[in-house]
Amino acid sequence: MDKISITICGDGGCEDSYTVTRNVDGHPYVLSITDTAGQEEYRGLWSASTLNSDAFLLVYDITNPSSLETLDHFMDMIHKETEQRVEDNQRLLQESKKKTGVGIGQLGLPPPVKIVAGNKCDLKDDRVVTSRDGLEYARKHGCGFMETSARQTVNIEETFAHLVRRVVEARRLQSRDGALSPQHPIPSKSRVGVYQPEDNGTNRRSGTK
């Protein structure tokens, strides 16, 4: 089975590492999940231990606007990791071209996938960060976006399925086209899930492209 590593960071989570198997689009995947959310005291060590992940789930609390600002720290580190991967892969392609005459060879990791998730979306009366604010933040940083509720399991499975699909697509594109670059981003055509109880007082999920 294909293996995918995912790191969760940002607003407080379970602070644990675990492995689960999930079927996405009829294919089984082993997900190795490292939940560093809430471990603010380990920020200095975070990059060394987790930046090789295939994907990052950046979580904030919709009732706490400062938790969205906290994601900037992780975004900066992930951006540097992305640039390093692109640089490494371009170097590998150049080395392969010199040896074989073609730019085809064994590459490293593709740029990591990123999704921003606004948690506690079931707390409509306590919401401070709007869905639009969260979506705009995600778009600014080239991320997918979901709103979730860990307590009521809203959009949890959908979020991980979305991560898996984007990682698979990133691997496919790198295998087909060679090293991806920030100018050659991972397509983000897949559905963005936004849970919006504040719209009309009812619990529902909506999708935006």
Please sort by residue number the trypsin sites (Lys or Arg not before Pro) in segment 133-172 whose DSSP state is loop and whose Cβ has at most 16 other Cβ atoms within 10 Å.
-> Arg151
Residues with beta-carbon under 15 Å from that of Asp2, excluding Asp2: net charge, scoring Lys, Arg +1 and Asp, Glu -1?
-> +3
Please compute the net charge surrounding Ala117, taking Lys and Arg as +1 and Asp and Glu as -1 over other residues with Cβ under 13 Å from its Cβ.
-> -4
Size descriptor, Kirkwood hydrodynamic radius, that averages inverse alpha-carbon separations across segment 59-161, Å = 15.7 Å
Using a simple spin-label model with points 7 Å from Cα along the Cα→Cβ vector, what separation in nm is obtained for Arg22 and Glu95?
-> 3.4 nm
Roughly how many Å is it from the Cα centre of segment 127-177 to that of segment 111-126, as a whole number?
-> 8 Å
Computed ³J(HN,Hα) along segment 54-59: with the Karplus parameters 6.51/-1.76/1.60, θ = phi - 60°, integer Hz and x for glycine or proline, the list is 6, 8, 10, 10, 9, 9
Around His141 (Cβ within 15 Å, Cβ-to-Cβ, excluding His141; K/R +1, D/E -1) the net charge comes to -2
So, in nm, how far is label Lys3 from label Thr153 when the simple model puts each one 7 Å beyond its Cα toward the Cβ?
-> 2.7 nm
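Bear in mind these aren't lab numbers, they're just calculated from the coordinates by the rules spelled out. Please read all numbers here as calculations on a predicted model, not as lab measurements. When we count neighbours, we look across all protein chains shown, and the Cβ atoms used for this are built from the backbone with ideal geometry, even at glycine.
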